[in-house]
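The values are calculated or read from the model by the stated rules, or taken from the named source; none is laboratory data. Here the structure is a predicted model, which means the values were calculated and not measured. FYI the Cβ positions are ideal-geometry reconstructions off the backbone, even for glycines, and counts take in every protein chain you see. Please note that ligands, DNA and RNA were not included when accessible areas were found on the heavy atoms of the full protein model with its side chains. Shrake-Rupley method; radii C 1.70, N 1.55, O 1.52, S 1.80 Å.
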Amino acid sequence: MGENGFRSTRRTKIVATIGPATCSEEMLETLATSGMNVARLNMCHGTHDWHTAVINRIRKLNKLKGFSVAIMLDTEGSEVHTSELEQPLKAEVGEEFVLTIRDPKTVEGSAIGVSYDAFVDDVQVGDLVVVDGGMVSLEVKQKMGPDVKVEVVDPGIVLSRANLTFRRNGHLVRARNSMLPVLSSKDWLDIDFAIRQNVDFIAVSFVKSADVIKNLKSYLNSRADKVIEVIAKVESHDSVPNIEEIVEASDAVMVARGDLGAQIPLEDVPSVQKEVVVRCRQAGKAVIVASHLLQSMIEYPTPTRAEVADIADVVRQRADALMLSGESAAGAYPEKAIGVLRAVATRIEEWCRQEKHGQIVLPQLTDRLDGRVSEELCASAAQMANNLNARAIFVYTRRGYMANFLSRCRPDCPIFAFTDKQDVRQRLNLRWGVMPFRLDFGADPEENVDRTFALLKRRDLVQKGDLVVVVSDIRPPNEDVVRSVQIRHVP
Ligand SMILES: Nc1ncnc2c1ncn2[C@@H]1O[C@H](COP(=O)(O)OP(=O)(O)O)[C@@H](O)[C@H]1O
Ligand SMILES: C=C(OP(=O)(O)O)C(=O)O
Ligand SMILES: [K+]
Ligand SMILES: [Mg+2]
């Protein structure tokens, strides 16, 4: 069974940011066929109407073509950014601009709006204003009421609503901008939008501690009539000492390396990434490594060798997912970029299986007995599948927990998860090694197993005689839950 995009048994998942380069129905289908598992909508950009149109196109694609592309809404956050720009702005060395908290159209000269009123108080003459993590650097030359005159010291391109950080004597300035709430009033409007749109995930930008995650989860529990998983984005300077509590409180975590590399020294990003990945693996939380994976493919059709090495490292760390940002939102080669992620992930996963790559020791997740039973059952099933060189693990799971426990064990073989709820199927599309299918469960577990054997044989994902480990925790009507592990051969 070759690697053919959507039907692949690639284990590492792919998240793609949808933007002008990929928002058409045709491009969305191309990305889904190429292997996109989750579509990310970045609320830094676009209007609710724009995002609604994209969501509707993805829903239509899932319905008509059998995909299960999940939807992730990513908050803007209250960090400081520039205003909308008609088109990206080229900044040459020595050029002067005015950063203003007024409407830039009312300011003479080349003015750029800034989203944060205390900007003029926070920055001082001599400070460095860093755009999008270093893509451009501007030196503050003069403050004039609501305007700040700056001079370009590092040239580059200023994108619309680009993130701004300030540095003084080489250190990040944490002034009032660091007191801004993680979720702005606009973010709460976007969260209500996400609830109305029944998205699968909400990714929270610039998380600093577990507080905002707990607050958002309780808000969603009271407002949303389906599960929406909360993804904490580790990209703020303040999040680094709180990674353990952030992982504990979140359903999943994203290492958002774009802004993270602006908030902490670049050379610290790999170790923070490693810590987040290991803590998530141990806690059984999905972890996404995001941004700059294939930055050069925004303009060029092939990646650099360094980018391939970076992706290989993420796959070896067994992260659940790789995420494209600008590469798929605004790049010239979104399909090729997904193709590179797919090829490198599949190849390195194979290499890891051959090398019997060190499995990290997984600590016990819960003390609750019934949780322990499921956890032990899945750990044994995964170990058995490896020892027996099973072709696959089949798991029947109503809410997805058993599939998550199995994914956490990172077995050598794919995990085919069967659930009767489409939203559970879509959320499982973020989990390492899980290939989710939706089907109505019959009362007879045996009949379910037979139907799924037939289903996967038809799709050439298993063949007659394959050894399969079957895990189920179905609760027959009015009976106690029955948890079982079986060794079966595909008929
Ligand atoms: N929904 C959108 N509408 C318009 N442009 C977008 C959208 N999403 C992303 N983009 C463009 O793609 C670029 C890269 O996307 P992303 O990395 O998600 O945003 P950011 O640059 O804010 O971190 C953005 O800077 C923006 O120019
Ligand atoms: C994914 C990230 O966040 P955003 O693109 O929203 O800035 C990042 O900073 O890497
Ligand atoms: K964002
Ligand atoms: Mg960011």
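Just a few scattered comments:
- As a rough guide to protection, the peptides 220-227, 253-260 ranked by mean Cβ packing within 10 Å, highest first, stand as 253-260, 220-227.
- Per residue, the chain exposes 42 Å² of solvent-accessible protein surface, assessed with a 1.4 angstrom probe and all protein chains in place.
- Only protein heavy atoms count here; on that basis, with a 1.4 Å probe, Val173 has an accessible area of about 10 Å².
- Residue-wise HN-Hα couplings along region 312-323, as the Karplus relation 6.51 cos²θ - 1.76 cosθ + 1.60 with θ = phi - 60° gives them from phi, are 4, 5, 5, 5, 5, 6, 6, 4, 5, 8, 10, 10 Hz; Gly and Pro carry x.
- Nonlocal amide H pairs with Ile112, under 5 Å, H built at 1.01 Å: Val98, Leu99, Thr100
- Charged neighbours of Asp251, selected by a Cβ distance under 9 Å, balance to +2 (K, R count +1; D, E count -1).
- Between the listed residues Thr30, Val129, Val80, the Cα displaced farthest toward the positive end of the dipole of region 15-129, a dipole computed from Cβ unit charges relative to the Cα centre, is found at Thr30.
- Amide hydrogen neighbours beyond the local backbone of Phe437, cut-off 5 Å, H modeled: Ala417, Phe418, Thr419
- Scalar couplings 3J(HN,Hα) for region 119-126, obtained by applying the Karplus form with A = 6.51, B = -1.76, C = 1.60 to θ = phi - 60°, are 3, 5, 7, 6, 7, 10, 4, x Hz; x denotes Gly and Pro.
- Per-residue SASA entry for Thr304, accessible area with 1.4 Å probe, Å² rounded to 10: 60 Å²
- The angle between the Cα long axis of helix 445-458 and the main principal axis of the chain comes to about 70°, on a 0 to 90 degree scale.
- Note on the chain: with neighbouring protein chains present and a 1.4 Å probe, carbon and sulfur make up 52 percent of its accessible heavy-atom surface.
- Applied to region 166-183, the Karplus parametrisation 6.51 cos²θ - 1.76 cosθ + 1.60 on θ = phi - 60° returns per-residue 3J(HN,Hα) values of 10, 10, 10, 6, x, 10, 5, 7, 10, 9, 4, 4, 8, 8, 5, x, 4, 10 Hz, with x for Gly and Pro.
- Prolate/oblate/rounded call for region 209-322, Cα gyration tensor, a/c under 1.5 rounded: prolate
- Mean Cβ count within 10 Å, highest first, over the residues of peptides 380-389, 347-356: 380-389, 347-356
- Under 5 Å from the amide H of Val207 lie the amide H atoms of Lys233, Glu235, Ser236, each residue being 5 or more positions distant or on a separate chain, with H modelled from the backbone and absent for Pro and chain starts.
- Region 369-489: antiparallel DSSP beta bridges as a percent of all, rounded to 5: 30 percent
- Global form of region 369-489, assessed from the alpha-carbon gyration tensor, a/c cut-off 1.5: rounded
- Rounded to the nearest 20 debye, the dipole size of the chain about its Cα centre is 1740 debye, using +1 on the Cβ of Lys and Arg and -1 on the Cβ of Asp and Glu.
- Shape category assigned to the chain from the gyration tensor of Cα positions, a/c cut at 1.5: prolate
- The C-alpha atoms of the chain define a longest principal axis, and helix 269-283 lies at about 30 degrees to it.
- FRET efficiency, 1/(1 + (r/R0)^6) with R0 22 Å, evaluated for Met384 and Val481 via beta carbons: 0.60
- Note on Lys105: lysines with a C-alpha under 30 Å away, same-chain residues under 8 apart excluded, are Lys90, Lys141, Lys143, Lys149, Lys186.
- Estimated inter-spin distance, Lys214 and Gln364, nm [label 7 Å along Cα→Cβ]: 2.4 nm
- Between Thr304 and Glu26, the distance separating the two model label sites (each 7 Å from Cα on the Cα→Cβ line) works out to 3.3 nm.
- For the peptides 157-165, 102-110, 141-149, residues were scored by their other Cβ atoms within 10 Å and the scores averaged per peptide; the highest-first order is 157-165, 141-149, 102-110.
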